[in-house]
Structure formats: structure tokens, C-alpha cells
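The block underneath contains the structure these notes are about, expressed in C-alpha cells.
The values are calculated or read from the model by the stated rules, or taken from the named source; none is laboratory data. Note that the structure is a prediction, hence the values are computed from the model and not measured. Cβ atoms come from the backbone with ideal geometry, glycine included; neighbour counts cover every protein chain shown. Please note that ligands, DNA and RNA were not included when accessible areas were found on the heavy atoms of the full protein model with its side chains. Shrake-Rupley method; radii C 1.70, N 1.55, O 1.52, S 1.80 Å.
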Amino acid sequence: MKITENLQTDVLVIGGGAAGLRAALAAAESGSQVIVTNKGPLTKSGITLTAAGGMQAPFHPADSEEQYFKDTLQCGYGLGDQNLAKVLAADACSRILDLERYGTRFVRDTEGHFSLGQFPGQSQPRNLFVKGGGLGLVSSLAKACQAHANILIIDDFFVSGLITGQSSQENVAVGAIGINLRNGQLTLIQAKAVVMATGGCQWLWEINDCPTDATGEGLVYAYRAGADLIDMEMVLFYPSVIVWPPSVKGAFAHYEFLAADILDGNIYDHVGNSVLPKPLPIRNEAMQLMAKAINDGRGSEHGGLFWYVGNSPNGLKRVRETLNIAQYNYIKSHGIDPATDKIEVAPGAHYLLGGIHINEQCQTTVNGLFATPECAGNFDGANRLAGSGITATQVFGAKAGFAAHQWAVANQYIDANPASIEQETWRIAGKISTTNNYQGTAISELRNRLRTAVQSYAGVNRNGEGLARLTKIAKEIREELSQLQVPEVKVYNQQLIDLLQLESMCEVAMLVAECALMRQESRGHHYRTDFPRQDDQNWLKHTLAVSMGIEPRFATKPINMLSE
Amino acid sequence: MTESNQIISVKAYRFEPANQVKPYFQNFEVKCSEPISIMALLAKIHEIDPSFACRTSTCFKGKCGSCLIRVNGQDVLGCTTLVNPGESIVVEPYSKFKVIRDVVVDFREPLSAAKE
Ligand SMILES: Cc1cc2nc3c(=O)[nH]c(=O)nc-3n(C[C@H](O)[C@H](O)[C@H](O)COP(=O)(O)OP(=O)(O)OC[C@H]3O[C@@H](n4cnc5c(N)ncnc54)[C@H](O)[C@@H]3O)c2cc1C
Ligand code: FES
């Protein structure tokens, strides 16, 4: 397959969620020409759309940056990078004011102040609410990008890999190759700086509450180009993701609503015994109890337990009022009444805490390559506060865009290493069969096998044996996958995307498994049944996957501590 | 329950942009024991026949429009429109945008009538 289209820009942003769009605005406002690519249509793909829209910032008079910083570290079990956590706390308020400038609207009280909610782990009320949730946020950022003369948006464009070059003996990211799904052009985008903003990889887990886009290939592209990945074992789970019926699978019901002061419900097993004690335990403890109940055979035939608020002592009226939001109306449209029906739920993958290793300027370990939430890490640690995910998209989005702009100003275009282009075009060409003897449903079968294995062995409860098994299975699937080809179809070759995505998913699974295997302790959302204790003596440090050509190398890294 | 109650019959719009072949309909029988959203149904068809293209990304809220589609002659949101086992339906691309392939449309290209 040959490159059929060439584009050039100062800054290339890969991913048009809240983080990528904010990065694009920062770079463009500083004067760079920017291209933003997104694999689905803008405002119709990505994790941000599914977000409830809670967003943290220390606006409350009794709150402060210091308090936000401390809460973050504590919630993260001490594993958060302190330099990054500091930036997050320091810039949160300003970035929210920026959002208002871009047209995002927040819920305000009768006096016109931001309404602030207080969520578990927040020592002061700190959660603002975006009107229209994640979709409201992305829509306003997308409009601001579309209105900016320096920004070109190319959506329905699947980036397949990064291109590197050489500058004074060092590897530099110089652009990316991708497939324009609308017209089938294999496109080379040359850039002075590249921002990776591809979101998380939670769709690898059979149970997750993310859109199908969350397959994590951006992590693999950065890693292949030589970027270190940090704490890949740190995936945050959410207790109550719907597992049945199939058409509403992946939506979630609020765990928090089960608390006595909200709807006072519980999670029940198949004979109607409650699974959780009251007051409600923190999320990760709740999930261990739920996972255990499911493993002990107390679950439904679909592997779920029952989220139920129908017997709330607070009365049906209160329940109906609380549940009168888009998310529950969506569930309702599937024939389930969340106010009175039992909803089948199980812990599901929700957020990637680890990711591409960045410093405070969002620089990765590869020159010219920057990364910004959710694919970047680790500013949270082993758990995160509610509302820090979206705030991080704005704080680090702006940092990444600005740093990429500065890099673009200070550096010329560097020629891509021809081998790097050739490798990528050959890789894609090798997946396409000109004889059409492709293998029907084989890709989806392999994908299901991988997702089942990730769910079983890298879920809420993990152990050494299972993790080793997962590595083996992911390798086998990658091997089988390498034998598969898809037909030569020019426009919207969805099968090719399925295949390329699955290849990356195998690699992500191996990285998660290896890092989880390495961390021989339990901390936050990483729970090892064979090492159930937190071990600060040996494990108050990051895991690191270092790309070394063909085989990965795994290492650890001390946590950045703020100098007192 | 009889077998036919476990099946949804779908007449799905197929369009291959490169070949200039006229659009045609293909019949699929999808095994299903529960009511299912059109969006989940299309994802199942893509699994049965991977050459059938459809969008799969969802917002879980019925708000983003990634799932817009035409069912039995009406434009609807595919993620909140249910179909029951035993039913037969006709699925076509959402009518207001240009078709890219099969039922995937280009949200950047409204058809002229929709532009006003
Ligand atoms: C159900 C749910 C609710 C949440 N609620 C909240 C909340 O209330 N508050 C909060 O703070 N956080 C919340 N979060 C977390 C938060 O929403 C996310 O962390 C954040 O939105 C991620 O933004 P992003 O821009 O990094 O990623 P995304 O929004 O996923 O954007 C990444 C984009 O990159 C594109 N992309 C990926 N791969 C490629 C490729 N190969 N080529 C081209 N493009 C590509 C994707 O199409 C996607 O559009 C929630 C998460 C979930 C799942
Ligand atoms: S998937 Fe978002 S509205 Fe249907």
C-alpha cells in the first residue's frame, strides 16, 4: 500500500476528545497550524461523550490548591506523580474559566456562583457540573476549534502509527500515518510536534462503561516509537456497570446513589441477600466484595449482581426525581425502569490511571511527542477523585498544546526516517488480501477471546498465575491474528480497522498483564489476591514499560516528590 | 417458544461506493432472545458478516447522534430504538446525510434538502 496523500502541519493532535481539542486550541491560539484527527466523527465518538460532567476545581472559599493537591495524593494511595498533581491543582480554576470562554456552561446556584458538590475524598465541595455533561463539553470545544482559522479537523480518520526521524542521534516523532475512512486515502501527516490524545483502553475488558473507541492504540503507537509507559496495571474499575440485557450493556448505574443519604439501595445477589454493608464502603472495597460474591456463585446467569433502589426508604418520588437524568432515561428506553426494576451490574473497567509517561509539560520520553489525558499518566496514582478526569483533560490539554507549539517554533521539519514510513505502509499492506480469501468472523472471535481473558485475569481481583496466563493468551491471539487478512476495500474499510485495533489491543493486554504481574502488592484499584497487602517498603514506586525494539523491558521508577 | 421467536429478520441496505453498483438489500437473520437496540443489532450483523459496515461508538445517553439510522422508513436514534425477537425490519442509512458505505453516513455532508 502506498501513501496517496501528504499533509503537513506544525502540530498534529491525534484524538478529538476533551483533551485533544483543548490541546489544539492552546497550540492554535499560540500561533501554530494544527491538524486534529479523530477516528470517529467529532462529537460522536470518544470517552468524553459518556462522562457525567462532574469537574473538580478549588473554587470554594474554604478550599485551596494545596488541599486539592493533598486530597489527590491521598486518594491515589501515594502513587500519583507529585509534580503532575501539583500542576493539576494549580491550573484547574483557570482552565474552567477558559471553558466558559469557549462556550461551555456550568450549573450555577441562585446567586450565580458555580454549584459545587462534595464527593468522597474531597475535603471541601469541589465538583462543578458541566451543562449537557461530556457531550456539552466536547460540543463547545469542537465549535471553538471549528471557528479557529489555524485548526483543520480531519475526522473519520484512523491513525495507524507514528513516524519517527533522527535528530542529533535521537529518535524524534515527526508525524503519523493514517487511513482516511471517507475516501480510503493512506495519508502521511508530517508535523513538527505530535500530541497523543487518544483516550483510554477500557474496551479491552469485556465489562466496561466506555464506547467501542477505547481500544488503546495510541498507547501502543507511542510505545512503539520509544515512549515509556507508566503504571499500566492501574486501571480504575466502577462497581455497577450494566451487564444485561445486551442492548444496554455498558451503561452504568450510580454506585453512589446506593448511599443512605441518597437512595439507600444496595447490591443484591440472586437470592436477594444484600452484598454490601452500610455505610457503603469505598468503591474498590465494594468491588472486591462484589467480585467475590460473583466468584462464589451468588451472581446471575449473566455474571451480574442486582443494583436495586426499588425498596428505598426515601420513597418512590425521591427515587424518580433523582433518576430523572439522561443516563436513566436512556436505560428506561430499553424497557427497564431503574426506579423499580433490579438492574444486573458488575464491576467494569472505567478509567486508565497509568499511560504514556509525561512530565509537567506533557512531554513524553520521545522528542517532539507529547501526551495528554486519559492516555497519559500518572497524575492520580492508584485511584482518583471524582471529577479529576475531565479537569485533567483541560489542564494537561492546554499544557500539551502549548508545549507542542513551543517545540514546533524551536524546531524545523525533520525528514521521516524512510524505514519508518516503509515499515508502517508494509504493515498495513500485509493485512490486505488481494485474493479475497479472508476469514469471515475470525477477527471478532479472536477479539471476544481476548476480552474474556482480560476480564478474567486482569479484572478487579488478579493473581500471578492468571496474569501469566493472560500474557500467554494475548501472545497466542496476536500470533493467530498475524495470519489474518481482510479484503481490499477502499472506502471505510471497517474490517481493516477491526484488525489493526485488535493487534494493538493484544499489545496493551500484554503490557497491562506484565506490569500487574510485576507489582507484587495491592494498592488502590490494583488488587492481587496473592499479595493482598499494600507494601510501601517495596512498592511505593511506579512500574515502567520501556520500549526496546522488539521485546519490551520492564522496570520501576521512583515517584516524583515535590521538594518541600 | 418457537424458533422464529428467537430471530430478528433484517433487510439491510448495502452500498459499495467504489464499484458504482446500485445499492441493494441483503437479508440477515439474527439470533436474539431479548429485545435489542438497533445499534446493538447492527453490531451483531457486522460480527456475522464483517463486510457490513456500521458505526458502533455510543454515548450511553441517547444524545450524540452517532447511531442515527433509518428503520422501516423512519429516521431514528439506533441506540434507543428497540426491536423484538420475531420481528422483521428494514434498515437504511439515516436520510439526511451522504452515505459512505452501507448504513454509515458522513455527518459532514448533509444532503441538499437537509441543508436549509
Ligand atoms: C461513563 C463515564 C463517565 C465519566 N464521568 C466523568 C465525570 O463525570 N467526571 C470526570 O472528571 N471524568 C469522568 N470520566 C472520565 C473522563 O470522561 C475521561 O477520562 C476523559 O473524558 C477522557 O478524555 P480524552 O480526551 O483523553 O479521551 P476521549 O474522549 O476518549 O478522546 C479520545 C479520542 O481519540 C480518538 N482516537 C482514539 N484512537 C485513535 C486513532 N487510532 N486515530 C484517531 N483517533 C483516535 C477517539 O476517537 C476519541 O474521540 C468518565 C468516564 C466514563 C467512561
Ligand atoms: S449513541 Fe449517542 S445518541 Fe445514540
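Counting residues that are open to solvent by less than 10 Å² (accessible area, probe 1.4 Å) and of a type outside the set (Gly, Ala, Ser), which strands (runs of 3 or more DSSP E) fully inside region A:320-408 reach at least 2? Walk me through it before giving the result.
Details: elements: A:343-352, A:355-357, A:369-371.
Output list reads A:343-352, A:369-371.
Hey, any hits in region A:295-316 for a residue that's charged (D, E, K, R), out of contact with any helix residue (DSSP H, G or I) (no Cβ under 9 Å at 6 or more places or on another chain) and either closer than 30 Å to A:Gly355 by Cβ or part of a helix (DSSP H, G or I) (or both)?
No, region A:295-316 contains no residue that is charged (D, E, K, R), out of contact with any helix residue (DSSP H, G or I) (no Cβ under 9 Å at 6 or more places or on another chain) and either closer than 30 Å to A:Gly355 by Cβ or part of a helix (DSSP H, G or I) (or both).
Quick check, is B:Arg108 touching a residue at least 24 places away in the same chain (Cβ under 8 Å) and within 16 Å of ligand 1 (Cβ to nearest atom)?
No.
Quick one: in region A:30-49, of everything that is more than 11 Å from ligand 1 (Cβ to nearest atom) and open to solvent by 20 Å² or more (accessible area, probe 1.4 Å), which residue is nearest to the other protein chains (Cβ to nearest Cβ)?
A:Gln33
Is it the case that A:Asp415 is open to solvent by 10 Å² or more (accessible area, probe 1.4 Å), modelled with pLDDT under 95, over 28 Å from A:Ser94 (Cβ atoms) and more than 20 Å from the chain's Cα centre (by Cα)?
When the stated conditions are applied, A:Asp415 passes them.
Identify all residues within region A:318-336 that are at the interface with chain B (Cβ under 7 Å from one of its Cβ atoms) and among the aromatic types (Phe, Trp, Tyr); write none if there are none.
Hit for region A:318-336 is A:Tyr330, nothing else.
Which ones in region A:65-110 are in contact (Cβ under 8 Å) with a residue 24 or more places away in the chain and part of a loop (DSSP other than H, G, I, E, B)?
A:Gly76, A:Tyr77, A:Gly78, A:Leu79, A:Gly80, A:Asp81, A:Tyr102, A:Gly103, A:Thr104, A:Arg105, A:Val107
Checking the condition more than 14 Å from chain B (Cβ to nearest Cβ) and out of contact with any His (no Cβ under 8 Å at 6 or more places or on another chain), which residue from A:Ala18, A:Ala26, A:Ala90, A:Ala52 passes?
A:Ala90
Condition test on A:Gly440, is it surrounded by fewer than 16 Cβ atoms within 10 Å (Cβ to Cβ) and either touching a Phe, Trp or Tyr at 6+ places or on another chain (Cβ under 6 Å) or within 14 Å of chain B (Cβ to nearest Cβ) (or both)?
yes
Return the only residue of A:Ala27, A:Ala23 being more than 8 Å from ligand 1 (Cβ to nearest atom), under 18 Å from the mean Cα position of the chain (by Cα), among the hydrophobic types (A, V, I, L, M, F, W, C) and open to solvent by less than 40 Å² (accessible area, probe 1.4 Å).
A:Ala23
Looking only at region A:141-161, count every residue that is open to solvent by less than 40 Å² (accessible area, probe 1.4 Å), out of contact with any Leu (no Cβ under 7 Å at 6 or more places or on another chain) and away from chain B (no Cβ under 14 Å) and tell me the total.
Qualifying residue count, region A:141-161: 4.
Within region A:50-64, count every residue that is open to solvent by less than 20 Å² (accessible area, probe 1.4 Å) and without any contact (Cβ under 8 Å) to a residue 40 or more places away in the chain.
Residues in region A:50-64 being open to solvent by less than 20 Å² (accessible area, probe 1.4 Å) and without any contact (Cβ under 8 Å) to a residue 40 or more places away in the chain: 0 in total.
Condition check ((1) in contact (Cβ under 8 Å) with a residue 60 or more places away in the chain; (2) more than 14 Å from chain B (Cβ to nearest Cβ); (3) within 23 Å of A:Gly440 (Cβ to Cβ)) across all residues:
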site: A:Gly466; (1), (2), (3): no, yes, no
site: A:Glu479; (1), (2), (3): no, yes, yes
site: A:Pro487; (1), (2), (3): no, no, yes
site: A:Tyr492; (1), (2), (3): yes, no, yes
site: A:Asp498; (1), (2), (3): no, no, yes
site: A:Gln501; (1), (2), (3): yes, no, yes
site: A:Cys506; (1), (2), (3): no, yes, yes
site: A:Met518; (1), (2), (3): yes, yes, no
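On the given criteria, is B:Gly78 in contact with a helix residue (DSSP H, G or I) (Cβ under 9 Å, 6 or more places away or on another chain), away from ligand 1 (no atom under 16 Å from the Cβ), in contact (Cβ under 8 Å) with a residue 24 or more places away in the chain and under 21 Å from B:Glu109 (Cβ atoms)?
yes
Pick from B:Pro85, B:Pro93: which is in contact with a helix residue (DSSP H, G or I) (Cβ under 8 Å, 6 or more places away or on another chain), on the phi < 0 side of the Ramachandran plot and away from ligand 2 (no atom under 12 Å from the Cβ)?
B:Pro85
Pairs please, first residue from region A:21-40 and within 16 Å of ligand 2 (Cβ to nearest atom), second anywhere and among the aliphatic types (A, V, I, L, M), Cβ atoms under 7 Å, 6+ apart in sequence or on different chains.
Partner pairs satisfying both residue conditions: none exist.
Sort out which residues of region A:248-264 are open to solvent by 10 Å² or more (accessible area, probe 1.4 Å) and in a helix (DSSP H, G or I), and write them in order of number.
If the condition is that a residue be open to solvent by 10 Å² or more (accessible area, probe 1.4 Å) and in a helix (DSSP H, G or I), then A:Glu256, A:Phe257 are the ones that fit.
With within 16 Å of ligand 1 (Cβ to nearest atom), more than 14 Å from chain B (Cβ to nearest Cβ) and either touching a Leu at 6+ places or on another chain (Cβ under 8 Å) or open to solvent by 20 Å² or more (accessible area, probe 1.4 Å) (or both) as the only criterion, which of A:Ile294, A:Ile282, A:Ile267, A:Ile230 stands out?
Numbers: A:Ile294 fails: within 16 Å of ligand 1 (Cβ to nearest atom); A:Ile282 fails: within 16 Å of ligand 1 (Cβ to nearest atom); A:Ile267 fails: within 16 Å of ligand 1 (Cβ to nearest atom).
Matching residue, one of A:Ile294, A:Ile282, A:Ile267, A:Ile230: A:Ile230.
When residues of region B:55-73 are filtered for being more than 8 Å from chain A (Cβ to nearest Cβ) and either within 9 Å of ligand 2 (Cβ to nearest atom) or of a type outside the set (Gly, Ala, Ser) (or both), how many remain?
Going through region B:55-73 one residue at a time, the tally reaches 6.
Among the numbered conditions (1) more than 23 Å from A:Asn284 (Cβ to Cβ); (2) assigned to a helix (DSSP H, G or I); (3) out of contact with any Gly (no Cβ under 8 Å at 6 or more places or on another chain), tell me where A:Glu465 comes up short.
If we test A:Glu465 against (1) more than 23 Å from A:Asn284 (Cβ to Cβ); (2) assigned to a helix (DSSP H, G or I); (3) out of contact with any Gly (no Cβ under 8 Å at 6 or more places or on another chain), just (1) comes out false.
Take A:Ser388 and tell me if it is without any contact (Cβ under 8 Å) to a residue 12 or more places away in the chain and either in the same structural domain as A:Thr212 (by TED's automatic domain parsing) or within 16 Å of ligand 2 (Cβ to nearest atom) (or both).
When the stated conditions are applied, A:Ser388 does not pass them.
Show the residue pairs that are 6+ apart or on different chains and have beta-carbon atoms under 8 Å apart, the first residue being within region A:123-138 and facing another protein chain (nearest Cβ under 9 Å), the second being part of a helix (DSSP H, G or I) and surrounded by fewer than 23 Cβ atoms within 10 Å (Cβ to Cβ).
Note: pairs meeting the criteria are A:Gly132/A:Ser139; A:Gly133/A:Ala326.
In region A:29-43, is there at least one residue being modelled with pLDDT of 95 or more, under 24 Å from A:Gly381 (Cβ atoms) and in contact with a helix residue (DSSP H, G or I) (Cβ under 7 Å, 6 or more places away or on another chain)?
No: region A:29-43 contains no residue that is modelled with pLDDT of 95 or more, under 24 Å from A:Gly381 (Cβ atoms) and in contact with a helix residue (DSSP H, G or I) (Cβ under 7 Å, 6 or more places away or on another chain).
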